[in-house]
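Working notes, structure below.
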Amino acid sequence: MTEVSLFTRIINREIPAEILYEDEQCIVINDIAPQAPVHMLVIPREPIARLADARQSDTSLLGHLMWVAGGMARQTGIDEAFRLVVNNGEGAGQTVFHLHLHVLGDKNFTEQEL
């Protein structure tokens with residue numbers, strides 16, 4: 001049996017978090033270690049470990065996550081300039097193996113930060 005992720009525990013309300021948005025497919029929370037003044041996480045309810053593990057049948061869900069990210073950017077006033085990041089694997093900085101999108105904004109990003 002695979003270990004239940006931190007995000008699954010948040011989705012199941014076993015761990016408290018400030019939920020900014022939720023629907024039948026995902027939730028959005030503030031990152032607890034923000035890298036920008038606005039740093040939200042868009043997390044699918046379905047636990048996909050990494051983006052590379054997504055199946056073709058996940059296409060609709062992945063599109064929904066992008067749509068929610070854009071909506072949250074508008075809602076928080078960062079829709080003119082924000083960064084969307086997905087870390088895939090430990091070598092890319094992924095620390096929780098439950099797919100999630102980072103929405104970062106209200107910061108001037110530079111190429112050196114890629």
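Here is how the numbers come out for the structure above:
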item	result
Hits in the range 70-114 - residues which are within 14 Å of P34 (Cα to Cα) and of a type in the set (K, R)	R83, K107
Residues of the range 104-114 that turn out to be more than 21 Å from G63 (Cα to Cα) and either modelled with pLDDT of 95 or more or assigned to a loop (DSSP other than H, G, I, E, B) (or both), as a count	6
Looking only at the range 46-66, and only at residues there that are part of a helix (DSSP H, G or I) and among the small types (G, A, S), the one that is farthest from the chain's Cα centre (by Cα)	S57
In the range 85-103, residue nearest to the chain's Cα centre (by Cα) [restricted to those that are within 16 Å of I27 (Cα to Cα) and part of a strand (DSSP E or B)]	L101
Selection count, the range 87-110, where residues are within 22 Å of T8 (Cβ to Cβ) and buried (at least 17 other Cβ atoms within 10 Å of the Cβ)	9
Residue match in the range 65-72 (condition: out of contact with any His (no Cβ under 6 Å at 6 or more places or on another chain) and at pLDDT below 95)	no
Cβ pairs under 6 Å, 6+ apart, first in the range 24-52 and on the phi > 0 side of the Ramachandran plot and modelled with pLDDT of 95 or more, second of a type in the set (A, V, I, L, M, F, W, C) and buried (at least 17 other Cβ atoms within 10 Å of the Cβ)	none
Conditions (1) within 19 Å of V4 (Cβ to Cβ); (2) in contact (Cβ under 8 Å) with a residue 60 or more places away in the chain; number of the one not met by Q94	(2)
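The values are calculated or read from the model by the stated rules, or taken from the named source; none is laboratory data. It should be emphasised that the depicted structure is a prediction, and the values quoted were computed from it without experimental measurement. Counting neighbours? That spans all protein chains shown, and the Cβs are built from the backbone with ideal geometry, glycine included.
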